Every structure is written in C-alpha cells, then in structure tokens.
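Remarks on the structure that follows.
The values are calculated or read from the model by the stated rules, or taken from the named source; none is laboratory data. Values in this document were obtained by computation on a predicted structure and should not be read as measured data. Using ideal geometry, Cβ is built from the backbone for each residue, glycine included, and neighbour counts are taken over all protein chains shown.
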Amino acid sequence: MTDALDRAANSEFIDPEFMKKLAAVKDNLEAVTAAIKNKERGAGQLKERATLQLSEAHTWFTYLDKILAIKPAE
C-alpha cells in the first residue's frame with residue numbers, strides 16, 4: 001500500500017482528497033493490525049474490525065490501482 005501511495009502522490013491525475021482518503025484507510029488498517037498484535041481488545045471485536053478495515057482498504061486500493069494503470073493520452 002505504501003508503494004502505491006508513493007506512486008500516486010506524484011500523479012497529476014489523482015485528486016488530493018482521494019489521496020487523503022487512501023492514507024486514512026491505510027492508517028486505520030495499520031491501527032487495527034497494531035491492536036491485534038497488542039491484543040488491546042477482545043478477539044471477536046478485533047476480528048470484526050479488522051475484516052471491515054481490510055475490506056475497505058481492498059476497495060479503495062483497487063480503485064487506486066486502476067487509476068495508476070491508466071496511460072496518459074499522447
């Protein structure tokens with residue numbers, strides 16, 4: 001995800017607000033991962049939150065991959 005964000009940051013085709021959303025999704029997923037590692041909450045609650053965050057990250061980064069694959073017009 002970090003690599004995709006780095007590549008996207010240099011793109012003139014990607015809206016800055018979209019980039020902010022992607023960064024927030026990545027940060028949320030990393031927070032859930034850290035919570036799981038630290039076992040800050042109950043296992044069931046963490047599993048549910050991780051599943052939701054992973055699904056959201058997958059959706060948004062799929063959009064980003066499609067945008068990055070677009071070739072500029074010559």
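Some notes on this structure:
- Looking across region 51-66, the residues that are aliphatic (A, V, I, L, M) and under 13 Å from Leu22 (Cα atoms) come down to Leu54, Ala57, Leu64.
- Looking across region 25-64, the residues that are closer than 12 Å to Met1 by Cα, free of Cβ contacts under 8 Å to residues at least 24 places away in the same chain and not hydroxyl-bearing (Ser, Thr, Tyr) come down to Asp27, Glu30, His58.
- Matching option when the condition is in contact with a Leu (Cβ under 8 Å, 6 or more places away or on another chain), at pLDDT 80 or above and not aromatic (Phe, Trp, Tyr), among Ala31, Ala8: Ala8
- Subset of region 9-30 [under 12 Å from the mean Cα position of the chain (by Cα) and not basic (Lys, Arg)]: Phe18, Met19, Leu22, Ala23, Ala24, Val25, Asp27, Asn28, Leu29, Glu30
- Candidates in region 3-36 are the residues that are among the polar types (S, T, N, Q) and within 14 Å of Leu68 (Cα to Cα); of these, the one that is surrounded by the most Cβ atoms within 10 Å (Cβ to Cβ) is Ser11.
- Residues that are surrounded by 15 or more Cβ atoms within 10 Å (Cβ to Cβ) and among the small types (Gly, Ala, Ser) within region 53-74 comprise just one, Ala57.
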